[in-house]
Amino acid sequence: MWNSPAFALVGVGTSLAVWIVLPTILGNWLDSRFDTDPLLTLVFLVLGLMVGFFDAYRRLRDVLRQSNRPQ
């Protein structure tokens, strides 16, 4: 049951959300500290998007590889 592709897909979505939200919050906090609004928020958002999509691609590739494996 725990090896179901559905659980792996939930992990993909969660990971993508974390990689986008946490760096954006960090960038917003740094902007407030250094008075650079919105520069660091945008930089960290773009970095989070890039890392998040790469991680989602890698995880989805693994899920597809596992689901195509003979039982």
Return only the number of the condition from (1) surrounded by 12 or more Cβ atoms within 10 Å (Cβ to Cβ); (2) more than 18 Å from the chain's Cα centre (by Cα) that PRO70 does not satisfy.
(1)
Can you tell me which of (1) of a type in the set (S, T, N, Q); (2) outside any helix (DSSP H, G or I); (3) crowded, with 16+ Cβ neighbours inside 10 Å is the one ASN3 doesn't meet?
(3)
Which condition does VAL63 not pass, out of (1) of a type in the set (Val, Ile, Thr); (2) within 29 Å of ALA6 (Cα to Cα); (3) modelled with pLDDT of 95 or more, if it passes all the others?
(3)
Residue that is part of a helix (DSSP H, G or I), surrounded by fewer than 16 Cβ atoms within 10 Å (Cβ to Cβ) and without any contact (Cβ under 8 Å) to a residue 60 or more places away in the chain, where the choices are VAL18, VAL12
VAL18
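The values are calculated or read from the model by the stated rules, or taken from the named source; none is laboratory data. Just so we're clear, the structure is a prediction, and the values are computed from it rather than from any experiment. Please note: Cβ atoms are built from the backbone with ideal geometry, for glycine as well, and neighbour counts cover all protein chains shown.
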